1. For residue 214, which of the numbered conditions (1) crowded, with 18+ Cβ neighbours inside 10 Å; (2) closer than 21 Å to residue 39 by Cβ fails to hold?
2. Can you tell me which residue among 63, 105, 118, 74 is surrounded by fewer than 17 Cβ atoms within 10 Å (Cβ to Cβ), of a type in the set (Gly, Ala, Ser), in contact with a helix residue (DSSP H, G or I) (Cβ under 6 Å, 6 or more places away or on another chain) and at pLDDT 95 or above?
3. Does residue 84 fit the bill of being modelled with pLDDT of 95 or more, more than 26 Å from residue 114 (Cβ to Cβ) and in contact with a helix residue (DSSP H, G or I) (Cβ under 8 Å, 6 or more places away or on another chain)?
4. Any idea which residue in region 121-146 is farthest from residue 164 (Cα to Cα), counting only those that are in contact with a helix residue (DSSP H, G or I) (Cβ under 7 Å, 6 or more places away or on another chain) and of a type in the set (A, V, I, L, M)?
5. Counting just the residues of region 181-210 that are among the acidic types (Asp, Glu) and farther than 25 Å from residue 161 by Cβ, which one comes out surrounded by the fewest Cβ atoms within 10 Å (Cβ to Cβ)?
6. Does residue 54 qualify as being of a type outside the set (A, V, I, L, M), buried (at least 19 other Cβ atoms within 10 Å of the Cβ) and either at pLDDT 95 or above or outside any strand (DSSP E or B) (or both)?
7. Which one is modelled with the lowest pLDDT among residues in region 147-173 that are buried (at least 18 other Cβ atoms within 10 Å of the Cβ) and among the hydroxyl-bearing types (Ser, Thr, Tyr)?
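The values are calculated or read from the model by the stated rules, or taken from the named source; none is laboratory data. Here the structure is a predicted model, which means the values were calculated and not measured. FYI the Cβ positions are ideal-geometry reconstructions off the backbone, even for glycines, and counts take in every protein chain you see.
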Amino acid sequence: MLIIPAVDIREGKCVRLYKGIEDQITKYFDSPVEAAQFWADQGAPLIHIIDLDSALGLGENIASIKKIINEVSAKFEIGGGIRSLEKAERIFSWGAERIIVGTKAIKEPNFIPKLERAIGKAHIMVALDYRKDKVLVNGWKTSTSYNVFEFAKIMEEKGAGWILFSSAEADGTLTGPNIEATTQMVQSTSLPVIAAGGISSIKDIEALENTKVAGIVTGKAIYEGKLDLKEALKRFQK
């Protein structure tokens, strides 16, 4: 199972949000590059990078993302406001392992086959952020009428290679992941599922491992010292 530390970027800093709420923010590193290097030094082979400003339509941190890819020895999955083929291809050309698309894929599902032709299925991760089983868009600010489990099937049919399944209610809370919903998502698609939101301990990861997820993204727990990334990598990374 993949254990993936997260580096979220807002106004050039490495931060975490609480439940995705943009004004409930905690800064952890002044430099996202230093944050990514820190987790790479802890042994993380893959790091999750999200441009929060771009996701929220408030600007972008594209220079920081390029610098991370160029300077840190790890693989990266990159997301946050990637809503054009040109931007996706540009970031992929820098060496990103996976491109994460959310709002664009949900509003325009036929974007996925276009992206598949450009970079290949294995490099496409669709972010299905949800609240009460409904898919969220626009940086988690807008709820849609789409059922998250049904939409995963649509994304699979369109050519996605991975599903990123994130609970907005649990994100940044350290209250534990939604095991029931995660189990349902794994059973809803044949794509590998990466779970995120609420993870706070080794016990939480053990519970998620039992759902057969392909991996987890951890953020606040490792920044707050609740979860030892080295221990998690040693126990679960395969």
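1. (1)
2. Testing whether each residue is surrounded by fewer than 17 Cβ atoms within 10 Å (Cβ to Cβ), of a type in the set (Gly, Ala, Ser), in contact with a helix residue (DSSP H, G or I) (Cβ under 6 Å, 6 or more places away or on another chain) and at pLDDT 95 or above leaves just 118.
3. no
4. 137
5. 206
6. yes
7. The selected residue is 167.
This table checks each residue for (1) more than 13 Å from the chain's Cα centre (by Cα); (2) not charged (D, E, K, R).
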residue	(1), (2)
98	no, no
101	no, yes
104	yes, no
112	yes, yes
121	yes, no
127	no, yes
